[in-house]
Amino acid sequence: MIAGNTVEGTMAAGGPYREFYLPDGTLRGSNYDGRWSVVDDTLCFTYDATTPAQCWSARISRAGEISWIRNGIVDGNGIVQPGNPANF
């Protein structure tokens, strides 16, 4: 559901986001790149080589609504958009 699509939403600590997740594990935002991966049952993100990956569990509805969960608490929300509508 994530690979090849864009997720747009808001995180509690980071505010609004919109990221395109390439199938090769690259992610692109409006002015940054990073990496994404699945580790066990979490989705993990790195935005630079010096910072450890940050991982969240995800609850995804059939409609494409995502709740990002860390330590049992919803830490953000988003919605999956097909493809790369922002042309990142």
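The values are calculated or read from the model by the stated rules, or taken from the named source; none is laboratory data. From a predicted model like this one, the values you see are computed outputs, not experimental measurements. Cβ coordinates were reconstructed from backbone atoms using ideal geometry, including for glycine residues, and neighbour counts include every protein chain displayed. Side chains included, ligands, DNA and RNA excluded: accessible areas come from the protein's heavy atoms. Shrake-Rupley method; radii C 1.70, N 1.55, O 1.52, S 1.80 Å.
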Checklist outcome for this item: accessible surface per residue for the chain, probe 1.4 Å, DNA/RNA/ligands not counted, whole Å² -> 60
Checklist entry - Of the heavy-atom accessible surface of the chain (probe 1.4 angstrom), what whole percent is carbon and sulfur? => result 52
Checklist entry - Mind checking the dipole of the chain: about its Cα centre, +1 per Lys or Arg Cβ, -1 per Asp or Glu Cβ, Debye to the nearest 20? => result 140
Next on the checklist: Once you place label points 7 Å from the Cα toward the Cβ at ASP40 and ILE79, how far apart are they in nm?
Outcome noted: 3.2
Item to check | Full-extension gain in nm, MET11 to ASN87, via 0.36 nm per residue minus C-alpha separation | outcome: 25.2 nm
Item to check | Convex hull volume per residue in cubic angstrom - Cα atoms of the chain | outcome: 98
Next on the checklist: Can you compute 3J(HN,Hα) from phi for each residue in the range 15-28, using the Karplus curve 6.51 cos²θ - 1.76 cosθ + 1.60 with θ = phi - 60°, rounded to whole Hz and x for Gly and Pro?
Outcome noted: x, x, 8, 8, 9, 9, 9, 6, x, 7, x, 7, 10, 10
Checklist outcome for this item: Subtracting the Cα-Cα distance of SER30 and GLN54 from 0.36 nm times their residue separation yields 6.7 nm
Next on the checklist: Only sites in a loop by DSSP and with at most 12 other Cβ atoms within 10 Å count here; which chymotrypsin sites (Phe, Trp or Tyr not before Pro) in the range 12-66 make the cut?
Outcome noted: TYR32
